[in-house]
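Please read the structure below before turning to the comments.
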Amino acid sequence: MESIYSKVPFPRPVSIYDAGNCKKIEEALKEALSTFDKPAVRVLLYHLEEKYHIRFEPPCSSVEEIEAALFDIAGPASDLVVSRMRSFLR
């Protein structure tokens with residue numbers, strides 16, 4: 001019998017040293033935050049870079065690091081943003 005996991009496509013790991021992947025991560029985060037007004041997004045991105053040292057240039061921060069920082073800021077509400085960001089990365 002064939003396992004269900006053999007049919008589920010898992011995304012390939014994203015290299016944090018590839019500038020193209022770093023840009024994709026940044027764009028996915030911005031797209032996930034598009035429901036908020038632009039000044040709030042700019043403040044959040046600044047806060048992520050300054051306080052949590054999230055980087056969008058090689059070597060950029062991983063999705064997991066961004067997820068941890070967002071969880072620290074917004075708690076469980078960050079799951080919505082993270083799930084949207086991951087969907088834009090597929």
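The values are calculated or read from the model by the stated rules, or taken from the named source; none is laboratory data. Because the structure is predicted, anything quoted here is derived from the model rather than measured. As a convention, Cβ positions derive from the backbone with ideal geometry for all residues, glycine included, and neighbour counts pool all protein chains shown.
Observations on the structure shown:
- Lone unmet requirement of (1) at pLDDT below 90; (2) among the polar types (S, T, N, Q); (3) in contact with a helix residue (DSSP H, G or I) (Cβ under 9 Å, 6 or more places away or on another chain) for residue 3: (3)
- The residue of the range 53-69 that is surrounded by the most Cβ atoms within 10 Å (Cβ to Cβ), among those that are of a type outside the set (Ser, Thr, Tyr) and touching a Phe, Trp or Tyr at 6+ places or on another chain (Cβ under 9 Å), is 66.
- Contact annotation: residue pairs with Cβ atoms under 6 Å, 6 or more positions apart or on different chains, pairing a residue in the range 72-90 that is over 12 Å from residue 48 (Cβ atoms) and touching a residue at least 40 places away in the same chain (Cβ under 8 Å) with a partner that is of a type outside the set (A, V, I, L, M, F, W, C) and crowded, with 17+ Cβ neighbours inside 10 Å, are 82/67.
- Residue 27 in contact (Cβ under 8 Å) with a residue 12 or more places away in the chain and either in a helix (DSSP H, G or I) or over 11 Å from the mean Cα position of the chain (by Cα) (or both): yes
- Restricting the range 46-64 to residues that are in contact (Cβ under 8 Å) with a residue 12 or more places away in the chain and not in a loop (DSSP other than H, G, I, E, B) leaves a set whose member that is nearest to residue 22 (Cα to Cα) is 63.
- Any hit, the range 26-44, residues being hydroxyl-bearing (Ser, Thr, Tyr) and modelled with pLDDT under 90: no
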